[in-house]
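Written out below as structure tokens is the structure these notes cover.
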Amino acid sequence: MNWSTMWLCALLTAPITLAADGQAAYDKECKRCHGAKGEGHPKIASMLKVEILHLGSADVQKKSDAQLKKIIVEGTGKMKPVKGLSAKDTSDVVALIRTMKK
Ligand code: HEC
């Protein structure tokens, strides 16, 4: 493997590693309501009588990283604040949400 292919590999794997960091936190804190791929859990949505947008939808993706972090930390509408994520976990989860873009 020469230097340029190594560079390419590093470039290609970097975002995946980032997202993988957020995966554990997402699985622990978000998946039960938002589904494995951000699709939203229909049962939770009907229980709370609310629509859970797909995290990859344009409406969610158009929010800034700061807005998404705020939603996680402070909650939104029927979603309660998520406690127990470090600032890094929160950023990693936001990075993961970016990979869910449709
Ligand atoms: C107990 C269930 C629950 C958990 C856990 C949860 N959410 Fe939510 N989330 C909701 C519900 C319900 C809504 C819709 C709120 C509303 O519109 O009233 C929502 C909305 C959102 C939205 C905004 C979508 C929109 O409607 O604009 C984002 C982004 C989001 N959640 C991210 C996360 C992330 C990231 C985590 C984990 C760190 C998480 N949520 C954990 C239930 C949950």
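Tabulated data for the structure shown
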quantity: Residue satisfying all of: in region 25-48; touching a Lys or Arg at 6+ places or on another chain (Cβ under 8 Å) and part of a loop (DSSP other than H, G, I, E, B); nearest to the ligand (Cβ to nearest atom) among these; calculated: LEU48
quantity: In region 9-39, the residues that are loosely packed, with under 12 Cβ neighbours inside 10 Å and modelled with pLDDT under 85; calculated: CYS9, ALA10, LEU11, LEU12, THR13, ALA14, ILE16, THR17
quantity: Some residue of region 74-83 being of a type in the set (Asp, Glu) and more than 8 Å from the ligand (Cβ to nearest atom); calculated: yes
quantity: Unique residue being more than 13 Å from the chain's Cα centre (by Cα) and assigned to a helix (DSSP H, G or I) when the list is ASP89, ASP59; calculated: ASP59
quantity: Criterion: part of a helix (DSSP H, G or I), of a type outside the set (Ser, Thr, Tyr), open to solvent by less than 80 Å² (accessible area, probe 1.4 Å) and within 14 Å of LYS101 (Cβ to Cβ) - qualifying residue of LEU53, LEU68; calculated: LEU68
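The values are calculated or read from the model by the stated rules, or taken from the named source; none is laboratory data. In this text the structure is predicted, and so the values were computed from the model without any measurement. For neighbour counting, all protein chains shown are included, and Cβ atoms are generated from backbone atoms with ideal geometry for every residue, glycine included. These area figures cover heavy atoms from the full protein model, side chains too; ligands, DNA and RNA do not enter into them. Shrake-Rupley method; radii C 1.70, N 1.55, O 1.52, S 1.80 Å.
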